[in-house]
Structures are given as C-alpha cells and as structure tokens.
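A quick write-up on the structure given underneath.
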Amino acid sequence: MFPRPFNRRLLTCATLALATALAAPAFAADAAAAAADANGDENTILVTGALGDKAVSAGSKSVLPIAETPQSISVISREDLDRLGVANLNQALRYVAGITPETRGAGAEIYDQFKLRGFDAPIYLDGLKQFASTTGYATPQVDVSRLESIDIVKGPASALYGQSSPGGLVAMSSKLPLDKEFYGSAAATYGTYNLYRVDADVGGKLSDAIGVRLYGSANGADTQQTYGSRARQTISGAVTAKIDSKTTLTVLTAYSHDPKNGNYSGAPASGTLFPNVHGKVATTYADGEPGGFFRRDQFATTYILNHDFGSGWKFRASGRYQQVTSSLGAVYESGLQTGLSDISQQTTSSRGSYATHETLNNWAFDNQLSGHIKTGPITHDILLGVDRQTAHSTELAAFGTANDISIFNPVYGTQAVPQSAEQIGGASNYLVSQGQTGIYGQDTISYGGLRVLLSGREDWAATWSQTVGSAAAVQKDSKFTGRAGVLYKTDIGLAPYVSYSTSFEPQSATLETGGIAKPSMGKQVEAGVKFQPNGSPILITASWFHIEQTNVVSTNPITFLATQSGKVRSEGFEVEANAPLPYGFNLHGAYSHQRVRNVADDDSRNVGGGLIGAGDGNLTINLDWTAKSGPLKSLNIGAGMRHVSRVYAGVLDPSQTYVNSGYTVFNLGNYNKYYTPAYTLFDASLHYDLSNLTEKLKGMTLSVNITNLFDKKYLTSCYMYPDYDAWCWYGQRRTAQGTLAWKF
C-alpha cells in the first residue's frame, strides 16, 4: 500500500554525477554578464558577477558574498520567477534544496505553506517580518509581481532577526526604483483553470534626485477543486529621494484586494492515502459548499533610509506598518463518518461550519549602523542594530454544525454557509498582542581568505492573549541568541566552513494549564563547503546540518489546547549547484536528504515520528538551452524534474469505530505512523524573443510554461490526529499557461 522510500543510492549517484559535471571550470566561458545594482540599497541583492559573488544581505545584514558566508543560502532572482512562470511563493520554492513545497497542495494557494529543513519558516519582506494572525486566518501574502528576489537563509537566524524558526527564514525583496530615465514592462497570461494575469511595471526619474516606480497585477483562476476560484487586484508604488549626496529615502506603499481565495479544501484519507472499496476520491473533490467565501485585504507602507557617514560607516533605518483584514465563511470536513468501523468502507464525511472576521495590525522597525575597522592585516566589518516589532490581532469566530457529504458523489447546495460568526451564535472574541525588542551586534573578521562571523543578540519579548470574558494570559521572556561561523576561501575557490547558531520563537498557544506557551528554542551545527572557481559563475554548495528544537507545542485539534514538552531533531545533507554549460545550456540542481523526528512528546504515540508536513528530502534538476545563432536565435527551451520524498502524515488507528461525529472512539490501540508517498513531477518551458521575427516586435517575448507535464495524481501531505480524523491534500494536476510580455 505504501511504496518504499526513494532509493538513496540513486540519489547519491545522481548528486555525484551532477557535481562532477558542474565542476568543470571550462564551462565558465559561457557566463552571462552581470547587472549592476540600481540604487545602492543594502537590503537589495548586489550582482557583481557570478552567483557566489552576490552580496545577499539576508544572511548577514551586510554585503558579504554568498561564497564567503558560512551558512547555506539559496537565491531566486526576478529572472527565475519570470522563467518559471510562478504565481506564488509556494511555487517559487519548488526547486530549492531542503524545501518540502506546497504542503497543502492545490487547495491552499492563498497561503505560503512549506517546510524548510522540516520546520515552518517565517517570511520577511525588505528585512522586516511579515506577521500572521496567531489565532486565525489573517495572514498576509505578497504577490510575486512585487518581488525583485527571494533569499532562503537556512538554519537559525535569531542572532540578527530575533524571532526565527530553527529551519531558517525566507527573505523577499521588493522592486525599487531604478537608476534609469524611463523603463517599463507589461505582461498578459492565460492558462489552465481559466488562469489569468495582467501585470504592469513602469518607472523612471522625475529629476536627478527623485526616482519612482509603479507596478501592479490583476490575477486569478478557478481552482482544481469543484466550484472554487481565486482573484486578486494589487498595486504598489515606490519613491526614492536623494536628500543629499550621502542620504536617500525610499518609501513603498502596497495594497492588495483578494475578493476570492479558493475553498481551502482537503479530502479524506480514505480513498486518497488509504484504499477504499469504492475507489479513489476525485482530485476535484471539495468538502465545502459553493457559498463559501474567504475575502482578504492587505495594506502596507514601508520606509528605508540610508545615510553614508563616509570612511566606510553607514546607517540604515527601515520600518513598516501593515494591516490585514479577512472574513471567512465555510462548511468543512470535521470528522470521519459516524459509526464507521473500517475506514476502507467510508462513503461520507461529517462536516461542520465556521465563520470569522479578523484584523491584524503590526509595526516593525530595524535600525543598523555598519562600518569597517582595520587592525593591521585584519579587517572588521561591524554591524550594530536595534529593532522593535509589535502585532495586534483580533478575531471574532464561531463554530457550527453542518450535514454530511458524500465523498464519491458529493451533492452541493444542501447546506447554507454562515455569513458571520454572529449568525452561527456562541461566538468567541480573541485578542492577542505580541511585542519584541532586540539589540544585536556582529563582527565579520577578514584575514586573507579567512572569514570569521560572530553575531549576538538579546531579545525581550511579551505575548498577551485573551478570550473576551475570560482572564488574560501574559508571557514575558528574554533570550540571548548567537551565531559563530568560520570559512576559509582557498586560491582555487574552494571554501570549507563550519557554524553554530541558535534561535528562539515566541508562541501564542494556550496551554492546558491556562498559561501561554514559552518560546521554542533551537540550535544548529552546520558544516559544509562552497566551490566557485575564480572568475567563474559556477557555484556549488554542500552542507551537513544537525538541528535540535525544544519547548515544542502540540495542539489538540478538538479542544485547541496545547502541551509543551516536545523535542524535535532534524539532521540532513544538502547540495545545490548552478552552472552554465557548453553550447548554450544552463543547469540548476538541488538535492537534500533529511531525517526529522519527534524525540520527546507528551503523547508517546508521536515519539519516533516526524513533524506533520515535513518530508525526507528532495531532488530537483532544471536544465535549459538557449539558441545563440541562426533562425532560432534567443529561443530558450527548458525542462525540469522535481522529486519530493515521502512526507510524514501522523499517527492513526484505521480500525477505530467513530461515533458522535467523530469525538468518541472505541477499539483503540492499533496505532501506526504514516507517510504520504514520494512523487516525481516534470515541467517544461519555452521562451522566444519575438524581435527575431521582425524589428517591430522589439522588446516582446512569448513564453509557455507547463507544470506536472504528465498529469500525475499525487498527495503533497496528509494530517492525522489520533482518535479524530485524517485529511489529505492533492497536488496540482497538469497546468499550462502562455505569456506575452513587453519590455520598453
């Protein structure tokens, strides 16, 4: 019933072959010329030549190149986003080592849900954290039309950022005004499931001192699930003012309106992961009702101030206010079929109803002073900073009842969808406030090819939580986190490194004792090697890591109460390689294998299992070819392969008998740990510069992208909770889209 794990020997052989092919320095001759940074913002990727030369501020809040940073970092450029034709961050991360992508499959594109080295990862935009509601659904999502690049920083990063996952973080950078008189682009896309996108981007100089940029998108699609659809209209603007020769100020404002956000639907494990005598549940299955809705509005304004004091010393200050509001009304699967004694016989699912209205307001500030100090042959790059972030969320929510639904022949329109929590009755009003202040410092020591990175930070965090009508709970904590890393870059471009880093992450879960959970703590040891031949764009990185997380919270999905005594261990190996090849070929490859396990838990059934939604690793290869001459000049053809190893699903006893809508259980004891099967998908793309047909089409390109080329049916993840229920999520079936773009 469950396939054996993907053959490790095959993965190892593929990885060694890939690394061998990429290591040939002769391929460097085909490198593309680099683009220069437009505005000098230290939070923007500075492209100075090869990928390893990129100074990614996310890893060190400085301009330390990737090849000299003692930590694993992956980069997705604007060109990558356009070439892959992705619609969201979930899709953009598909080819990154260590990522378990799209854990809620095709039914939850409204959120960016993935795992990094086995853990949920916070998301940052322009160096500032993107807060999410701690109690409900008011979670922001940045449209890809706004992004210039995405950095994936792997491993604990609390020494610079404060709140961070042990697995790392994702740092996105917005499009900013460019140092050009005038520029612009427009693109129109249409594809499977009535997918559409219309993107526009225009900017230029109003004067020598002021640059502007305005960009936006209208996009949407039907969903794979019956009757679902999503839609978004978003617009963003940025102004950079040169106050004097030493000072610039950039102000960004963004607004997104999501009138539709799909149906967030899952499917029962019986007929998806487990066999069912009645067959397979259709990939179009939706467990809700056509009247379900999820609306979201997002607004944010950001400032970035840069001042150069001279002599290598600079000051950077940034801040953002963000507001997210959401309203949701849904009917959803709430439990297994009543009276079911064998889940292979399941024909219906119990359902419930839910409605909520939420608001999230947050402020985030970060102030940095950086400079250089030389002591003989040794250079110290100093960074000192202080940041502050607060978030306040409110939620008015209520749960109600609903009728059952057939999982093989669903009939819709038999159940009204609640339009508000008040309509259901018995609503609960939740209030949560979070605050954190941190001071941090870092010294990057350079001596010849030696790089020593030392970071330290002290944080003061507080969480205040209350259900209106009940007593408030308050949790205050102060934590010190740090990082120490050593890297040595040899004359041939080989750079071995080792690092140790720690993290902490405040939590808002209410414990069974009535208090708020303490922050989770993480620590990581990482050792690896980076290889970039001198003057070459080739970059190969390999790393081994060992992560331990403590104070882990386990939440009961019925009572929503939690316990906190868990410990998780994640250990693994990753390889990523980027290289141009002869004859117009270019290759990106990534491989990871990780073992994520619960090593302590109040529920003994979870011990030895993984984290739900965390996979055992991935293997991806993306190869493209560009014609350099002849009638097909500029034609680019790409092919990709994505393999995701099995993903942990949880613990269940399939022989249970369920009564009373799934809340009372008999015949217990035969629990097993389950995984969703590994899957392998193939993608294809084609891009062509239409100016090769006629000069009148200068600046216009035609692109076609196909994902899941062979239309494979697969599960991205399942969620099982002992004594309750089991859900699964189908991945996206084959999709195709065509894009006509114009740059001017």
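The values are calculated or read from the model by the stated rules, or taken from the named source; none is laboratory data. Everything numeric in this text was worked out from a predicted model, so none of it was measured. A quick note on method: Cβ atoms are made from the backbone with ideal geometry, for glycine too, and the neighbour counts reach across all protein chains shown.
Key figures for this structure:
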read-out: Entirely in the range 683-744, the strands (runs of 3 or more DSSP E) that have 1 or more residues that are surrounded by fewer than 19 Cβ atoms within 10 Å (Cβ to Cβ) and touching a helix residue (DSSP H, G or I) at 6+ places or on another chain (Cβ under 7 Å); value: 700-707, 735-743
read-out: Within the range 574-610, tally of residues that are touching a residue at least 40 places away in the same chain (Cβ under 8 Å), part of a loop (DSSP other than H, G, I, E, B) and out of contact with any helix residue (DSSP H, G or I) (no Cβ under 9 Å at 6 or more places or on another chain); value: 6
read-out: Considering residues of the range 264-287 that are surrounded by 23 or more Cβ atoms within 10 Å (Cβ to Cβ), of a type outside the set (A, V, I, L, M) and touching a Ser or Thr at 6+ places or on another chain (Cβ under 6 Å) only, the residue farthest from Thr103 (Cα to Cα); value: Asp287
read-out: In the range 617-645, the residues that are closer than 30 Å to Thr100 by Cβ and not in a strand (DSSP E or B); value: Ser645
read-out: Residue match in the range 111-120 (condition: at pLDDT 95 or above, within 19 Å of Val525 (Cα to Cα) and not in a strand (DSSP E or B)); value: yes
read-out: Qualifying positions in the range 333-370 - hydroxyl-bearing (Ser, Thr, Tyr) and crowded, with 20+ Cβ neighbours inside 10 Å; value: Ser334, Ser349, Ser350, Ser353, Tyr354, Thr356, Ser370
read-out: Selected residue [in contact (Cβ under 8 Å) with a residue 60 or more places away in the chain and either over 30 Å from Met720 (Cα atoms) or surrounded by 22 or more Cβ atoms within 10 Å (Cβ to Cβ) (or both)] from Asn194, Asn261; value: Asn261
read-out: Selection count where residues are hydroxyl-bearing (Ser, Thr, Tyr) and either modelled with pLDDT of 95 or more or crowded, with 18+ Cβ neighbours inside 10 Å (or both), scope the range 555-571; value: 2
read-out: Identity of the residue in the range 90-101, surrounded by 24 or more Cβ atoms within 10 Å (Cβ to Cβ) and over 9 Å from the mean Cα position of the chain (by Cα), that ends up nearest to Ser645 (Cα to Cα); value: Thr100
read-out: Candidates Ser344, Ser327 - the one that is touching a Pro at 6+ places or on another chain (Cβ under 6 Å) and of a type in the set (S, T, N, Q); value: Ser344
read-out: Pairs where the first residue, in the range 74-88, is at negative phi and in a helix (DSSP H, G or I) and the second is at pLDDT 95 or above and surrounded by fewer than 21 Cβ atoms within 10 Å (Cβ to Cβ), C-beta under 6 Å, 6+ apart; value: Arg78/Glu148
read-out: Single condition Val644 does not satisfy, out of (1) surrounded by fewer than 16 Cβ atoms within 10 Å (Cβ to Cβ); (2) modelled with pLDDT of 90 or more; (3) under 27 Å from Val607 (Cα atoms); value: (1)
read-out: Criterion violated by Thr301 - all others in (1) buried (at least 16 other Cβ atoms within 10 Å of the Cβ); (2) closer than 26 Å to Lys175 by Cβ satisfied; value: (1)
read-out: Test: residue in the range 381-391 that is of a type in the set (A, V, I, L, M), closer than 15 Å to Tyr430 by Cβ and touching a His at 6+ places or on another chain (Cβ under 8 Å); value: no
read-out: Residue in the range 688-698 that is within 29 Å of Gln91 (Cβ to Cβ), aromatic (Phe, Trp, Tyr) and either in contact with a Pro (Cβ under 8 Å, 6 or more places away or on another chain) or at pLDDT 95 or above (or both) present; value: yes
read-out: The range 622-635 residues that are under 16 Å from Phe682 (Cβ atoms), paired with ones that are part of a strand (DSSP E or B) and of a type in the set (Asp, Glu) (beta carbon under 9 Å, 6 or more apart); value: Asn622/Asp683
read-out: Residue among Ala171, Ala159, Ala132, Ala138 that alone is surrounded by 24 or more Cβ atoms within 10 Å (Cβ to Cβ), assigned to a loop (DSSP other than H, G, I, E, B) and of a type in the set (A, V, I, L, M, F, W, C); value: Ala138
read-out: Residue that is under 19 Å from Ile76 (Cα atoms) and among the aliphatic types (A, V, I, L, M), where the choices are Leu581, Leu587; value: Leu587
read-out: Residue match in the range 203-217 (condition: over 27 Å from Tyr721 (Cα atoms) and β-branched (Val, Ile, Thr)); value: yes
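Every residue, every condition in (1) assigned to a loop (DSSP other than H, G, I, E, B); (2) at pLDDT below 95, yes or no:
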{"residue": "Gly237", "(1), (2)": "no, no"}
{"residue": "Ile243", "(1), (2)": "no, no"}
{"residue": "Thr248", "(1), (2)": "no, no"}
{"residue": "Thr253", "(1), (2)": "no, no"}
{"residue": "Lys260", "(1), (2)": "no, yes"}
{"residue": "Ser265", "(1), (2)": "yes, yes"}
{"residue": "Lys280", "(1), (2)": "yes, no"}
